[in-house]
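The values are calculated or read from the model by the stated rules, or taken from the named source; none is laboratory data. Here the structure is a predicted model, which is why all the values come from computation and not from measurement. Counting neighbours? That spans all protein chains shown, and the Cβs are built from the backbone with ideal geometry, glycine included.
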Amino acid sequence: MGTQQNQLTKLLKKFASDKAVKKRLKSIYDGGITQWEIWFQVELASFLSHSGKVILEKRYDRHQKKTIRKINSIDLAFRLDNSTKKSWVGIELKQNADQVKAVNQASVDLWGFTHIKQAQWDLRAVFAVVIYRKESINEDYQELLSSLDASFIDAGPHYEIACWGWETAPRTAQTVQRSRYLAWCEENV
């Protein structure tokens with residue numbers, strides 16, 4: 001596990017242990033509420049903003065020859081107060097009651113960032129952060145995530161958060177960063 005993932009995991013643990021977040025997750029579970037990914041995104045962004053700069057839905061142009069969509073947005077981009085000012089940590093969030101669906105949806109989103117134009121690449125790391133019900137945990141997927149060096153965060157009695165992704169050294173050239181991300185996706189996504 002790299003430095004950025006360690007930092008993100010620590011922040012996610014603090015987020016998941018927050019009393020207000022625990023209370024809201026319990027209400028979501030008890031009420032059978034679905035489709036709450038936007039709540040998760042806004043709450044996590046608000047929490048992370050206490051440690052650094054956060055941008056919701058950071059937009060990137062895509063290669064038009066490789067895809068029909070012209071723009072791709074990463075759910076949340078952040079950088080800690082003490083980090084380099086030119087690179088961001090991108091986070092793709094997924095919420096689904098079912099672990100398998102959440103992981104598969106996040107993997108599709110991670111792959112989508114292989115189409116970002118080189119000139120716009122400013123990501124030092126790209127992570128998937130998924131939240132799902134503990135009762136949906138699939139042992140094969142737990143093994144898969146473990147093989148990707150995922151972090152698992154306990155989010156109360158009903159939910160678990162998994163975090164995995166790619167990162168590179170901060171001083172690596174942007175062209176090298178993007179090519180390493182492409183290679184990581186081809187091998188792992």
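Can you tell me which residue in the range 82-107 is surrounded by the most Cβ atoms within 10 Å (Cβ to Cβ), limited to those that are of a type in the set (Lys, Arg) and modelled with pLDDT under 95?
Ranking the qualifying residues of the range 82-107, first place goes to 86.
Could you list all residues from the range 90-130 that are more than 22 Å from residue 155 (Cα to Cα) and in contact with a Phe, Trp or Tyr (Cβ under 6 Å, 6 or more places away or on another chain)?
Result: 116, 120, 122, 123.
Select from the range 1-31 the residues that are over 19 Å from residue 148 (Cβ atoms) and of a type in the set (Gly, Ala, Ser) and list them in ascending order.
16, 17, 20, 27, 31
Under the condition of being assigned to a loop (DSSP other than H, G, I, E, B) and either of a type in the set (Asp, Glu) or more than 27 Å from residue 22 (Cβ to Cβ) (or both), which residue from the range 149-170 is modelled with the highest pLDDT?
Of everything passing the filter in the range 149-170, 149 is modelled with the highest pLDDT.
Being part of a helix (DSSP H, G or I) and closer than 17 Å to residue 92 by Cβ narrows it down to one of 130, 126, 108, so name that one.
The conditions single out 108.
Residue-wise test of (1) of a type in the set (Ser, Thr, Tyr); (2) modelled with pLDDT of 90 or more; (3) surrounded by 14 or more Cβ atoms within 10 Å (Cβ to Cβ); (4) not in a loop (DSSP other than H, G, I, E, B).
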| position | (1), (2), (3), (4) |
| --- | --- |
| 9 | yes, yes, yes, yes |
| 33 | no, yes, no, no |
| 46 | yes, yes, no, yes |
| 55 | no, yes, yes, yes |
| 64 | no, no, no, no |
| 67 | yes, no, no, no |
